[in-house]
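The values are calculated or read from the model by the stated rules, or taken from the named source; none is laboratory data. Keep in mind that this is a model prediction, so the values were computed, not measured. Cβ atoms come from the backbone with ideal geometry, glycine included; neighbour counts cover every protein chain shown. Protein only, heavy atoms only, side chains kept; ligands, DNA and RNA dropped before computing areas. Shrake-Rupley method; radii C 1.70, N 1.55, O 1.52, S 1.80 Å.
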Amino acid sequence: SSGINAEYGGTQLTQEMLDEMGVRQLPGYEDPYHKRALKFGEIGCFLSHFRIWEEVVAKNYQKILILEDDIRFDANFNSQLNDLTAEVEALSLDWDLIYLARKILQKSETFVPGSSRLVIPKYSYWTASYMLSNTGARKLLKQEPDKKMIAVDEYLPLMFDSHPNREWSAHYEPRDLIAYSVNPLLIEPQFYIGQEGYISDTETSTVILDRSRPASSSSEESKVEL
C-alpha cells in the first residue's frame, strides 16, 4: 500500500508563502469560541488536508483514509474498519466522507437505515481521521476554499450543510457533501487539550490579522496580515 504525506506546520508558514499561494481568509470569519481570526497553524492544517484532496483528484484515487499524526486507534481497529467497509458495500451506500473520529457537538443523531454502525452526522469538530471518496474530494476542491478559508473542521460540516453559521455557509454553494460517521468512533486524539504531553502548533501559533476588522491594540498575541 502507499500513502500521501502532506504537512504544513504553523511555524513553517510565512505571510510571503501565503501570498504566493493566494491563500485568503473568508471575510468576517472568526473562531466561534475565541473570537479571533485564523492562526497560522490552522491555515497549515487546512492546507495539509487541501493538498491531499488535490492529490486524490490528480491521481484519480477512488477512496482514501486520512489519518492525522496525533491519533490513537481503537483496540480492534482493523476488524472494525473491515466490518465498516463491508457494510458500506452491502448497503450500496453513496458517500463522499465518513468520519472515523470527531468531536460530536450536537446529539440525537440518527442511524442510517439498515446500518448498525453508521450515523448521519450533525455539526462536528476535528479532522483526525476520515474516509474520503474521489467525488468528495472534487466537491471540497470545487469551492476553492483556499481563497475563502475557514478552519478545516468548520469547513467539512459546512459542506454537508450542518453548520449553524448560515452567513458563512452562504459563501459555499452547493453544500452537497454526502457525509456519514461510524458509531462508535474508531479513533481518538492521542492527547486532549490540558493533558500532559499535549502539543499543538495549531493552538500555539500566531494569529493572522483579519483585514475586514480593525485590530485590537490590547491583544497580547502578535499578528500578521492575511
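So if R0 is 30 Å, what FRET efficiency would GLN62 and ASP19 give, r being the distance between their Cβ atoms, rounded to the nearest 0.05?
Working: r = 35 Å, r/R0 = 1.16.
After rounding to 0.05, the efficiency reads 0.30.
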State in Å² the accessible area per residue of segment 9-107; use a 1.4 Å probe, count heavy atoms of protein chains only, and round to the nearest integer.
51 Å²
Going by amide H atoms built from the backbone, whose H comes under 5 Å of the H on MET149, apart from near neighbours?
ARG24, GLN25, LEU26
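What length, rounded to one decimal in nm, is gained on full extension from LEU105 through to ALA75, with 0.36 nm per residue of separation minus their alpha-carbon distance? Please list the in-between numbers first.
Details: separation 30, 0.36 × 30 = 10.80 nm, distance 2.46 nm.
Roughly 8.3 nm would be gained on extension.
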By how many nm would the segment from TYR33 to ARG51 lengthen if fully extended, with 0.36 nm per residue of separation less the alpha-carbon distance?
3.8 nm
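Express the carbon and sulfur contribution to the solvent-accessible surface of segment 76-183 as a percent, rounded to the nearest whole number, probe 1.4 angstrom. Can you show the working numbers first?
On the way: 2160 of 4600 Å².
With neighbouring chains kept in place, the figure for segment 76-183 is 47 percent.
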Excluding ASP96 itself, what net charge comes from residues whose Cβ is under 14 Å from its Cβ, given Lys and Arg +1 and Asp and Glu -1?
+2
How many nm separate the modelled label positions at LYS142 and SER116, each set 7 Å beyond the Cα in the direction of the Cβ?
3.6 nm
For segment 176-188, in order, what is each residue's ³J(HN,Hα) by Karplus, 6.51 cos²θ - 1.76 cosθ + 1.60 with θ = phi - 60°, in whole Hz (x at glycine and Pro)?
10, 5, 8, 10, 9, 9, 6, 8, x, 5, 9, 9, 9
Take the alpha-carbon centre of segment 88-131, take the same for segment 135-188, and report the distance between them in whole Å.
13 Å
Which whole-Hz couplings ³J(HN,Hα) result when phi for each residue of segment 118-129 is put into the Karplus expression 6.51 cos²θ - 1.76 cosθ + 1.60, θ = phi - 60°, listed in order with x for Gly and Pro?
10, 10, 8, x, 9, 3, 9, 10, 5, 10, 4, 6
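How about segment 19-91: which chymotrypsin sites (Phe, Trp or Tyr not before Pro) there are in a DSSP loop, with at most 14 other Cβ atoms within 10 Å of their Cβ? Could the numbers behind the result be given before it?
Numbers: sites: TYR29, TYR33, PHE40, PHE46, PHE50, TRP53, TYR61, PHE73, PHE77; in loops: TYR29, TYR33, TYR61.
Counting only loop positions with at most 14 other Cβ atoms within 10 Å, the chymotrypsin sites (Phe, Trp or Tyr not before Pro) in segment 19-91 are TYR33.
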Under 17 Å between alpha carbons, and skipping anything fewer than 8 positions from LYS59 in its own chain: which lysines qualify?
LYS139, LYS142
For LYS39, enumerate residues with amide H under 5 Å from its amide H, sequence gap 5+ or separate chain, H modeled in the peptide plane.
ILE208
Rounded to whole Å and sorted largest first, list the principal axis extents of the Cα atoms in segment 56-132.
37, 30, 26
